[in-house]
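Structure first, commentary second.
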Amino acid sequence: MLRAVLLDIEGTASPVEFVYKVLFPYAEERLRDFMLAHYESPEICQIVTGLFKEYEHEHEAAPAWFVEEDMEGAISYLEWLIEKDRKSTGLKAVQGLIWKSGFESGQIKGEVYPDVPAALEHWTQAGLKVYIFSSGSVLAQTLLFRHSTAGDLGQFLSGYFDTQTGPKRESGSYLAIAAAVGIDPGEILFVSDVLEELTAAHDAGMDVRLAVRPGNKAVTAHSFEVLRSFDELF
């Protein structure tokens, strides 16, 4: 019996173009000024410390310009992460903080596919729990749905998960989500446009669907059931 729906965002609930042509440029243009303006805040200090540890883990030894966890080094590393399109928890946290002012001021509105609002409302009214699992921070996810072009969609969502739960391409992350919400993996449907994520969720015991949306990258051969609109799940 289906008890919950777990959704990816980019390419599943929100167009890829919105993420890459609106959200990412907005944060990148404001990155340096934001970091320098908030470099003494406890939140940013914690993020910078995390970035330093992340760099050491990824590269065995930190470069000379980063050993003191200085702000310029952190900014340089963040810019490198953006260039490489890395799913860094620290980067996602900074982006979420920058987007916060944009969403709250009305400069940014979260774009979702036309079928999303009705589907979220329908699932909620049917007694299903709806959750989000994205590489973007929980803050960024919340902002996108609370300040969407269709209004406040956050009212239909029961929770959000990001990479602090675990990598999206590892089955353990989906087991952790199931445990956190108290629902058996077999009673959760996960929808994503990424085959590796679907494989991980399937291995964890979840039912899965491949989101095929306009603008998404073509996928290789697979055996997953395709979903072109959330309307198909009604």
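Any read-out appearing in this document is the output of simple, stated calculations on the displayed coordinates, not a laboratory observation. A quick note: this is a predicted structure, and the numbers were derived from the prediction, not measured. Cβ coordinates were reconstructed from backbone atoms using ideal geometry, including for glycine residues, and neighbour counts include every protein chain displayed.
Tabulated results
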{"quantity": "Rounded to 5, the percent of DSSP beta bridges in the chain classed as antiparallel", "calculated": "5 percent"}
{"quantity": "Centre separation in Å (Cα based) which lies between the range 136-183 and the range 188-234", "calculated": "17 Å"}
{"quantity": "Highest-fluctuation residue, V191, V208, V181 considered, GNM on the chain with Cα pairs under 10 Å", "calculated": "V181"}
{"quantity": "Radius 13 Å from Cβ of L210, net charge of other residues (Lys, Arg +1; Asp, Glu -1)", "calculated": "-3"}
{"quantity": "Assigned charges on the beta-carbon of Lys, Arg, Asp, Glu; the chain dipole about Cα centre (debye)", "calculated": "580 debye"}
{"quantity": "GluC sites (Glu not before Pro) within the range 181-234: DSSP coil, no more than 11 neighbouring Cβ in 10 Å", "calculated": "E225"}
{"quantity": "Cα-centre dipole for the range 147-234 with unit charges at Cβ (Lys and Arg positive, Asp and Glu negative), debye to 20", "calculated": "280 debye"}
{"quantity": "Over 25 Å between alpha carbons, listed pairs K21/K92; K53/K129; K53/K87", "calculated": "K53/K129"}
{"quantity": "Among G102, G90, G182: highest mean-square fluctuation, GNM of the chain, C-alpha pairs under 10 Å", "calculated": "G182"}
{"quantity": "Within a Gaussian network of the chain (alpha carbon springs, distance under 10 Å), most fluctuating of R146, R213, R30", "calculated": "R30"}
{"quantity": "Quarter of Cα convex hull surface for the chain, i.e. mean projection, nm²", "calculated": "13.1 nm²"}
{"quantity": "Sequence-distant aspartates and glutamates (8 or more away, or on other chains) whose Cα lies within less than 18 Å of K84", "calculated": "E10, E17, E28, E29, E54, E56, E58"}
